[in-house]
Structures are given as C-alpha cells and as structure tokens.
Amino acid sequence: MALSETTPLTPPVGSVAANGFDIVATYRRFLQEDPDMTMPVAAIESLVILLSQTEPTTASELMDILAKAVAELKKGVKNSISLSAGCDMFQRFVLRNIQEYGDWEACRRHLVKNGGLFLERAKASRYKIAELGLPFIQDDDTILIHSHSRAVTELLLLAARRHIRFRVFVTESRPTEEGLSSAKTLRDNGIPVRVIVDGAVGWAIQKVDKVFVGAEGVAESGGIINRVGTYQIAVLAKDSNKPLYVVAESHKFVRLFPLSPFDLPNESPAASTFTTEQEDDEIQSSPLLDFTSDNLITALITDIGVLTSSGVSEELIKMWYD
C-alpha cells in the first residue's frame, strides 16, 4: 500500500508523463485502484509522480509547476477541501527541502526519493491513529458513527481484534448513503451494527455512550468539515452530555477558518435555492458537507496525538512556520 524508496515512480496507465502529465487523471486513477486511499494521499502521490516526471532547472520553476498542478487538481475535483490539505502539506514539504539544499540537482533527487517516504508516513497514519484511539473504546460501549470514515473504521476494527466488545449505531448518511458501506465492513468483521436513518439520531443518542466521526478537513479553529449531518449529531451529543471524538489524519489539517457551512469552498448554490417546480434530482443537489465548530468536539484523535481544538492551531503553526 505504501510507496517506498524502491517503488518505481511511474504514472498509472492512462496518464500522460512529462510536459503533458495529466494530474487529475492520475489522481482519479489512484483512488479507483485503491478504495482505501484518502483524497489527500492520492493528491500527494500524484504530485510525487509529477515531481519524478518533470525536470525543472530552478527551484522557482519547480514551485510554479507544483502550484499549477495543485490549482488544476482543485479545479478538476469536486469537494476539494480534503485534497487541498494534502496539496498544501506537500508544497510545504518541497519548500522546506529546497531551502536546505544549495545544489539544485541534488535537491531534486532528494525530493523524488523522499517524496515517497513522506507519502509512506501519510499512509501509515491511519494505523497509528487506531492505536492512539483504542483506550477510548471500552467493553459494552454503544457507539454512534456517521457516514463512512476509513480512520474511524480502522479504529473500530482494531478494537474488535483486541477482543473489546461493543456495538455500533451507523447513520445511513443521505444523500450518499455511505453509512451502508461502514455497516457492511463492520458486520463482515463480527461487530454488531444497527443502521439508522439520519433523522433517528435524536432517538438513538440516549442509548449511546460516545460518538466517533471522521473529517474531510480539520480547520484552523479545531472545528471540522465533514459529511452533512455531522453538525446536528454534534449538537445532540453536546446537549446529551455524550463525548464526540473526531478521528482524522494530520494531513487533513487545512488552512481554512470557516464560521459556518456557507463559508466552505465548493458550496453548491442549488442547495439553498427555492423553487415551486418539482425537481427530479432534488435530493442529489442537497449539500454534502457541513461545518462543526470546535466547542462541540471533545477531542481529536490524530496520528500526532490526542489534541484539543486549540492544539490544531498549534500544530498548523509548527507545520508551516517552524
């Protein structure tokens, strides 16, 4: 699953190398070939491939190539918030390495070699998160999860492998119905599950001991951008004194500071447009993401530790300014 130093850096079939490199097609190919790959990791892997296929003569030329590729990715991919976090992190990684090398050619070779190691660490983060999150799951817990999060699923699977007995409410998560995928994975691994419609969270919350959700992106404030419905679950959990834990990789920390879902990029205007006419695809035009503020979150379980919301800002400062 991980790309190591010995993995050949060649573009997938269907992408174009060198000057005609198709960054969007390469990105989509990675996601198609590996369903467990997250959007930030696919973006990083695509940029590593680009780096190996181009031969800029100066550092400024390299940064310009990366900036154009990132802009192309963000433009060509719907819901680019999670993707943006990975792109921003990789650009910072490249910039740091450029500053450390005086010899440009040596710097380029180092970036190609270590870009794979950077990617390998990003991929391994999900398993580190599961280990750090394990103490938060106790015998006889009833857990609520929302939609489908690979990090949350990995945590629950590890708990089951360690013989912790628990049960899980899984929301259907309309309009994508991604919760059904989570439910199948958990049941296939012997974990008792009950799927509920999104509107039944208020009914279920009193039976729940704790809530785990993933994140498309973690904002500078420590709030999270995630599948629509996360905010209302967080409000109900807060009102019922149930802890809500966000399980997310640090490569999803994004330099955004939204105050509401209407501050998010890629917000669809159709979602808040009213009409007297019947629309065939009205449900499909519903918003896919919402924003949950930091005051509703108990803690964030990440690969760099268990953080409070204020800790996210501190980590972002370390990533970008240390």
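The values are calculated or read from the model by the stated rules, or taken from the named source; none is laboratory data. This structure is a prediction, so every number in the text was calculated from the model and none was measured. Backbone-built Cβ (ideal geometry, glycine too); neighbour counts: all protein chains shown. Please note that ligands, DNA and RNA were not included when accessible areas were found on the heavy atoms of the full protein model with its side chains. Shrake-Rupley method; radii C 1.70, N 1.55, O 1.52, S 1.80 Å.
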- Task: Give me the distance in nm between label points sitting 7 Å out from Cα along the Cα-to-Cβ direction at Ser60 and Met37, one decimal.
- Result: 3.4
- Item | Sites Ala106 and Ala67, calculated FRET efficiency, Cβ-Cβ separation with R0 22 Å, nearest 0.05 | 0.45
- Note on the structure: Whole-percent carbon and sulfur contribution to the accessible surface of the chain (1.4 Å, no ligands, DNA or RNA) stands at 51
- Message: Can you pull out the trypsin sites (Lys or Arg not before Pro) in the range 126-229 whose DSSP state is coil and whose Cβ has at most 15 other Cβ atoms within 10 Å?
- Response: Arg162, Arg165
- Full extension between Ser260 and Thr275 adds, at 0.36 nm per residue less the Cα distance, a length in nm of 3.0 nm
- Roughly how many whole Å is it from the C-alpha centroid of the range 242-303 to that of the range 160-236? 15
- Message: Can you tell me the length gained on complete extension of the stretch Asn79 to Gln206, counting 0.36 nm per residue apart and subtracting the Cα distance?
- Response: 42.4 nm
- Message: Can you sort His163, His148 by solvent-accessible area, 1.4 Å probe, largest first?
- Response: His163, His148
- Check the straight Cα-Cα distances from Lys238 and name the aspartates and glutamates below 15 Å, setting aside those fewer than 8 residues away within the same chain. Asp209, Asp294
- Rel. contact order, % - alpha carbon contacts under 8 angstrom, at least six apart, the range 129-182: 44
- Query: Can you list the chymotrypsin sites (Phe, Trp or Tyr not before Pro) in the range 219-304 that are in a DSSP coil and have 11 or fewer other beta carbons within 10 angstrom?
  - Reply: Phe274
- Task: Quick one: among Pro40, Pro135, Pro56, which has the greatest mean-square fluctuation in a GNM of the chain with alpha-carbon springs under 10 angstrom?
- Result: Pro135
- Item | Antiparallel bridge percentage (DSSP; both residues within the chain; nearest 5) | 30
- Where is the GNM fluctuation largest for the chain (alpha-carbon springs, 10 angstrom cutoff): Gln99, Gln91, Gln232? Gln99
- One finds, for Ile283 and Ser181 with R0 = 22 angstrom and r their Cβ-Cβ distance, a FRET efficiency to the nearest 0.05 of 0.75
- Message: For a quick check of your reading of the filter: which GluC sites (Glu not before Pro) in the range 199-294 sit in a DSSP loop and have no more than 11 other Cβ atoms within 10 Å?
- Response: Glu277, Glu279
- Query: Angle between the Cα long axis of helix 179-188 and the longest principal axis of the chain, 0 to 90 degrees, nearest 10?
  - Reply: 80
- Grab the Cα-Cα distance for Asn189 and Asp140, subtract it from 0.36 nm times how many residues apart they are, and report the gain in nm with one decimal. 15.9 nm
- Summing -39500 (n - 2.57) over every DSSP H run of at least 4 residues in the chain and dividing by its residue count gives a helix-only mean residue ellipticity at 222 nm, to the nearest 500 deg cm²/dmol, of -14500 deg cm²/dmol
- Task: Quick one: order Glu178, Glu72 from most to least accessible surface, probe 1.4 Å.
- Result: Glu72, Glu178
